[in-house]
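The values are calculated or read from the model by the stated rules, or taken from the named source; none is laboratory data. Remember, predicted model here, so these are calculated numbers, not experimental data. Neighbour counts are summed over all protein chains in view; Cβ atoms, including those assigned to glycine, are modelled from backbone coordinates with ideal geometry. Calculation scope for accessible area: heavy atoms of the full protein, side chains included, ligands and nucleic acids excluded. Shrake-Rupley method; radii C 1.70, N 1.55, O 1.52, S 1.80 Å.
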Amino acid sequence: MTGKSSFADSMIVASGRSARHVSALADHVADALKKDGYPHPSSEGRELGDWVLIDAGDVIVHLFRPEIRQLYNIEKMWSMPAVADAKLI
């Protein structure tokens, strides 16, 4: 995410096979982040399991059901080249 974002250094995008699988993956990822020194990763979306966002500060993790991942296609948004000196209004 270098040159594309000031809020995170890395973003991970992955899919689970079902809502239950996505929620279980989210639990596993959150535990692994805690063990690796990210003490309080926050998350959103675990209840539904369609799209879980885990924010560990420098690392952002998106876990999707396949249909939801295809719908939002966030890889395409972040694959665009960085705009030098862009100013937001």
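Going residue by residue through the range 35-57, is there one that turns out to be open to solvent by 70 Å² or more (accessible area, probe 1.4 Å) and touching a residue at least 40 places away in the same chain (Cβ under 8 Å)? Among the residues of the range 35-57, not one is open to solvent by 70 Å² or more (accessible area, probe 1.4 Å) and touching a residue at least 40 places away in the same chain (Cβ under 8 Å), which makes the answer no. Quick one: would you say residue 52 is outside any helix (DSSP H, G or I), on the phi < 0 side of the Ramachandran plot, modelled with pLDDT of 95 or more and β-branched (Val, Ile, Thr)? Criteria met by residue 52. Reported count of residues in the range 58-73, each being free of Cβ contacts under 8 Å to residues at least 40 places away in the same chain and not hydrophobic (A, V, I, L, M, F, W, C), is 4.
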